[in-house]
Structure formats: C-alpha cells, structure tokens
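The next block holds one structure in the form of structure tokens; read it before the comments.
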Amino acid sequence: MEYFLTEQQKTIKGLARRIAEERILPVRAELDETEEFPWGVIKDLADSDMFRVFIPEEYEGLGGGCFELCLVIEELSRVCSGIAVSYAASALGPLTLLEYGTEAQKQKYLPDIASGKKLTAFALTEATAGSDASAIRTTAERVGGGYVLNGTKQFITNGGEAELYTVIVLTDKTRGARGASAFLVEKDTPGFSFGKKERKMGIRASSTRELIFRNCLVPEENMIGKPGMGFIMTMKLLDRSRPGIGAQAVGLAQGALEAAVDYTRQRIQFGQPLISLPVVQDILADMAIRVEAARALVYAAARTIDSGAKSFTEESAMAKVFASDTAMKVTTDAVQVCGGAGYMRDYPVEKMMRDAKITQIYEGSNQVLRNAIAFELRKRKARRE
Ligand code: CAA
C-alpha cells in the first residue's frame, strides 16, 4: 500500500528499521529472558536522533508529529515491542509539556529529552485507579514554595530507569477528576523512590515499576498546566498517544506475518512447503489483510491528529482498539501456522504473541475505549436528532 511518505518520513522510517535490524534483533531474545532494560539500544536510538523525532525544532527536535512517532514505534515493534514501548512511553511526558508547559519548562527539559540524555516516564495508574483513572489517591499538598507528594503509582513504564517523571496527583481531594494536577518530578528528588519491578508476560525488556512518594517536596514551578487540569490534560494526552500503541501493534503484527511467511515457505509437510496448502494460504492472506487495514487506520488517526484537529478521541480509540485486536489475532495465527516450532522459544512468534496481549490493555483497555467510541456515537446521534 502506498502511504505517500515525505522524504523525511522515509528517512526516519529507514533509520528506525536499520536500528531494529542491526541493534535490536541480535539482543531481543536475550533481553526477553533476562528482563534487562535495553540501555544499549536506547543509546543507539539517542545517537540516531530518534528522540528528536517528536520534539519541535525550537527545542532541538526534528519537528515531527504523531505520524513520524508512529513510524518509528512501528519499525521498532516489528522486531521487539518491549524495546519499542520503552521508547514510546518516553514521548508521553514531553507531549504533556509541549501542550501545557511554560516556556521556561520547555527550555529547561525538552532539549535534554530530544538528545536522549533524559529518558522520561508518565505516571497515572495506581492500585485503585486503572481504567477508573480519576480514582487516583496520590496527593500533593500545598506548602511554602511547593507541593508535598504522598502516594504510590503502579505499573509505570520506564519506572526506575527514567530521569524525569510526569506524575498525576490530587491537589484537591474533594473534587475528584477536577482536583487532579500534573507535576514534573526528577528522579533524585528526596522522598521519591521505586518499588518492585514487575515480572511480566510480555514486553519483558521494558521496565514496569512502582513509584513511591513519601513527603516528596516538588517545587511549585514543576506543576504542568493549571491546578485541577491534570485529569483533562491526561485524557487529551492519551487521545494523542493511543495511535502510538496502535503503531506498536501494527509493527508486532507485521513482524509476526513475516515470520509466519518465512517459516511456511521453508517447512515441508506432505511433500510440499506449508505455504502451498490452501488452508495455510487462507490464514496468511487474512493476516496480511488485517495488518494492512490496521496500518491504514493508525496512519489515518495519526494524520488527523497532526492536521490540527481539535478533537480526535474516537479516531484515536478506533486505531488503538483495531490495531491491538489485530496484533493479538495475527500473532496467535502466526504461532498456529508455525505449529510446534511456533510454540517454542527458539522462534520469535511466541514472544510476539505474549507481547501483543498488553496492547489490548494499556493506554486504555479496549473495553474502556469501545465505551468512549460508543459515547461519541451517541452524541452524534443526539446531534442528528
Ligand atoms: N478529552 C477531553 N476531556 C475529556 C476526555 C477527553 N478525551 N475524556 C474525559 N474528559 C473530561 C470530561 O469532559 C469531564 O470534564 P468535566 O469535568 O468538565 O465534565 C472530565 O474529563 C471527567 O470525564 P468523565 O466523567 O468521562 O471521567 P470518568 O471518570 O468517567 O473516566 C475514562 C473516563 C474514559 C474511563 C477515563 O478514566 C479513562 O480514560 N480511563 C483509562 C485510563 C488509561 O487510559 N490509562 C492508561 C494509563 S497510561 C499507560 O498505560 C502508559 C503506558 O504504560 C504505556
């Protein structure tokens, strides 16, 4: 399919593919086993200017948008989505800063994020607040010169590895979603520590960890946006970032499709390559259709966002839901056509199937997002009436 990429987009995509093939492929199985954070690859990504892709030029970035970010995430995920999500999650903090940060905050942090010197993380989820994001309990109490944070964040991607954390907390416990605010917290701030590192089914090269705040004093100038705007800022940010999870899912599905085609071409059964059997061809053809449809939807959602559209909740949710369901289906089918070999750790598709599951869960479970899509449909019907 022709997606009419610009020369710059082709260069970014090509570079991401090269890093994936040359630097990620040789280590992906080992990192999946050891669950080690991929610092070597993160450094390669930084050296190749990949963290500059989504930062505007005035802050030492390349000036790309959601679409360019998706191109990189897709290429990295085609080889290892655990490494890709460590990269992708580091876009959440800067995206919040770009939308709502002060000029001083942008000048202070964005150049170091663009160069890859500072890896970032975004912290919303808590033990009591998963899909029900406004049920967060971490608080920030106003004191002279700043805010004191208390509470624990759970399942935070890049936790313990990132230098800079965007943390959503309650500055007014009485106002629910309208009492939330966002803060930037640097790793070495006294009172900020890390809890257990999670042991996961998939994306095992990524770090997922608790963040613990105990009387952690954060200066007032580290608040992003206005007090009470934290929840709505987060909802808008997630609308912007969800196509990135879609891109992760598309990359994963593409990798699984390629692995399945390679395997079935060389595997001889009944005196012929598996790929010659109509039953296998049907499965492969359906996999290919689904991957391309998911890619088209993710690219369309990303381009809608970059067009400057004001609201894109529905487009973004559709792209994430469809692509992640596609990744789950396609990686499962890849294991199926690879048979016994596909189930073994020596082949990449079992890892891809494990990695795919989380794309249906994080950055909004597919159930919550279907709800959001249905809500938009109901609004539209009401308008027609
Ligand atoms: N854009 C703008 N504003 C929005 C919005 C959006 N998309 N969604 C909600 N809002 C506003 C509402 O208009 C409302 O504003 P008012 O106070 O002015 O009325 C306010 O936010 C509260 O909205 P709701 O009453 O709809 O809120 P809710 O409590 O019912 O929750 C929800 C809505 C959609 C279920 C939300 O909780 C949600 O998105 N949950 C999923 C959380 C999620 O995606 N977590 C991912 C964590 S990050 C992650 O996973 C990263 C990683 O590791 C890779």
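The values are calculated or read from the model by the stated rules, or taken from the named source; none is laboratory data. Because the structure is a prediction, the values reported are computed rather than measured. Cβ placement follows ideal geometry from the backbone for every residue including glycine, while neighbour counts extend to all protein chains displayed. In case anyone asks, the SASA skips ligands and DNA or RNA and just uses the protein heavy atoms, side chains included. Shrake-Rupley method; radii C 1.70, N 1.55, O 1.52, S 1.80 Å.
With θ taken as phi - 60° and the coefficients 6.51, -1.76 and 1.60, list the Karplus ³J(HN,Hα) couplings across segment 181-195 in order, rounded to whole Hz; mark glycine and proline as x.
With the stated coefficients, segment 181-195 comes to 9, 10, 10, 8, 10, 7, 4, 8, 5, x, x, 10, 9, 10, x Hz.
Show which aspartates and glutamates lie in cross-link reach of K320 when reach means a straight Cα distance below 18 angstrom and same-chain residues fewer than eight apart are skipped.
Within the straight-line cut-off, K320 pairs with E68, E74, E75, D239, E292, D306, D355, E363, E376.
Once you treat every alpha carbon in segment 70-217 as an equal point and sum by Debye, what is log10 I(q)/I(0) at q = 0.09, 0.19, 0.20 Å⁻¹?
Listed by q, the Debye log ratios stand at -0.28, -1.23, -1.34.
How much of the accessible area of segment 231-382, in percent, comes from carbon and sulfur atoms when a 1.4 Å probe is used? Numbers along the way, then the final one.
Numbers: 4010 of 6870 Å².
Accessible surface attributable to carbon and sulfur in segment 231-382 totals 58 percent.
Take the chain, connect every pair of alpha-carbon atoms lying under 10 Å apart with a spring to form a Gaussian network, then pick out the residue of G179, G82, G244 with the largest mean-square fluctuation.
So, out of G179, G82, G244, the one fluctuating most is G179.
What does the extension gain come out to for R265 and T128, with contour length at 0.36 nm per residue minus their alpha carbon separation? Could the numbers behind the result be given before it?
Values: separation 137, 0.36 × 137 = 49.32 nm, distance 4.86 nm.
Between R265 and T128, full extension yields 44.5 nm more.
Would you list which lysines come within 16 Å of K43, measuring only between C-alpha atoms, while excluding same-chain residues fewer than 8 positions from it?
K117, K118
Suppose R0 equals 22 Å. What FRET efficiency, 1/(1 + (r/R0)^6) with r the Cβ-Cβ distance, do Q281 and Y343 give to the nearest 0.05? Walk me through the numbers before you get to the answer.
On the way: r = 22 Å, r/R0 = 0.98.
So, using R0 = 22 Å, E works out to roughly 0.55.
Of G340, G159, G176, which has the largest mean-square fluctuation in a 10 Å C-alpha GNM of the chain?
Among G340, G159, G176, the largest GNM mean-square fluctuation belongs to G340.
Accessible area per residue of segment 31-139 at 1.4 Å probe, in Å²? Let's see the in-between values first.
Values: 3560 Å² over 109 residues.
So segment 31-139 comes to 33 Å² accessible per residue, rounded to a whole number.
So, in Å, what gap is there between the alpha-carbon centers of segment 229-250 and segment 97-172?
15 Å
Please list D306, D44 in order of solvent-accessible area, largest first, computed with a 1.4 Å probe with all protein chains present. Walk me through the numbers before you get to the answer.
Values: D306 70, D44 30 Å².
Sorted by accessible area, descending: D306, D44.
Based on DSSP H runs of at least 4 residues, each adding -39500 (n - 2.57), what is the mean residue ellipticity at 222 nm of the chain after dividing by all its residues, to the nearest 500 deg cm²/dmol? Don't skip to the end; give the middle numbers.
Numbers: 12 runs with 198 residues, N = 385.
Rounded to the nearest 500, it is -17000 deg cm²/dmol.
Figure the gain on full extension for I232 and Q9 (residue separation times 0.36 nm, minus the Cα-Cα span) and round it to one decimal in nm. Show your work: numbers first, answer last.
On the way: separation 223, 0.36 × 223 = 80.28 nm, distance 3.10 nm.
Stretched fully, the I232-Q9 segment lengthens by 77.2 nm.
Using the Kirkwood formula on the Cα atoms of the chain, what hydrodynamic radius do you get, in angstrom to one decimal?
Details: mean 1/r = 0.0469 Å⁻¹.
With all distinct Cα pairs of the chain included, I get 21.3 Å.
For segment 120-228, what number of Lys pairs, 8 or more residues apart or on separate chains, have alpha-carbon atoms under 29 Å from each other?
Total qualifying Lys-Lys pairs in segment 120-228 comes to 14.
Apply the Karplus parameterisation 6.51 cos²θ - 1.76 cosθ + 1.60, with θ equal to phi minus 60°, to every residue of segment 281-294 and state each ³J(HN,Hα) to the nearest whole Hz, in sequence, with x for glycine and proline.
After applying 6.51 cos²θ - 1.76 cosθ + 1.60, I find 4, 4, 5, 5, 5, 5, 4, 5, 4, 4, 4, 5, 5, 5 Hz.
Within 10 Å of each candidate Cβ there may be at most 15 other Cβ atoms; applying that plus a DSSP loop requirement, which trypsin sites (Lys or Arg not before Pro) in segment 99-136 survive? Show your work: numbers first, answer last.
Details: sites: K106, K108, K117, K118; in loops: K117, K118.
Here the trypsin sites (Lys or Arg not before Pro) that fit, given the DSSP loop and packing criteria, are K117.
Can you work out the FRET efficiency for the pair T34 and E292, with r the C-beta to C-beta distance and R0 = 45 Å, to the nearest 0.05? If you can, show how the numbers build up before the last one.
Values: r = 34 Å, r/R0 = 0.77.
Result of the calculation: an efficiency of 0.85.
Taking all protein chains together and a probe of 1.4 Å, list Y347, Y165, Y147 from the most accessible to the least accessible. Could the numbers behind the result be given before it?
Details: Y347 90, Y165 0, Y147 20 Å².
The ranking, largest first, comes out as Y347, Y147, Y165.
Could the peptides 184-193, 59-68 be put in order, highest first, of the mean number of other beta-carbon atoms found within 10 Å of their residues?
Working: 184-193: 15.7, 59-68: 20.0.
Ranking the peptides 184-193, 59-68 by packing returns 59-68, 184-193.
Take E60 and S311, extend 7 Å from each Cα along the Cα→Cβ direction, and tell me the distance between the two endpoints in nm.
Rounded to a tenth, the inter-label distance reads 3.9 nm.
Considering only protein heavy atoms and a probe of 1.4 Å, how much of the accessible area of segment 7-114 is carbon and sulfur, as a whole percent? Walk me through the numbers before you get to the answer.
Numbers: 2020 of 4070 Å².
Carbon with sulfur: 50 percent of the solvent-accessible area.
Could you pull out every one of the aspartates and glutamates with an alpha carbon less than 12 Å from that of K357, ignoring same-chain neighbours closer than 8 positions?
D325
Only Cα pairs within less than 10 Å get springs; with that Gaussian network setup on the chain, which residue of M352, M328, M201 has the largest fluctuation?
M201
Exactly which trypsin sites (Lys or Arg not before Pro) in segment 258-365 are in a DSSP loop and have at most 11 other Cβ atoms within 10 Å? Please report the intermediate quantities before stating the final value.
On the way: sites: R265, R267, R290, R295, R303, K310, K320, K329, R345, K351, R354, K357; in loops: R267, K310, R345.
Sparse-neighbourhood loop trypsin sites (Lys or Arg not before Pro): K310, R345.
Ranked highest first by average number of other Cβ atoms within 10 Å, how do 127-138, 272-283, 360-371 line up? Could the numbers behind the result be given before it?
Details: 127-138: 16.1, 272-283: 13.9, 360-371: 17.9.
Descending packing order for the listed peptides: 360-371, 127-138, 272-283.
In square angstrom, what is the accessible area per residue of segment 231-382 with a 1.4 angstrom probe? Spell out each step's value before the answer.
Details: 6870 Å² over 152 residues.
Accessible area per residue: 45 Å².
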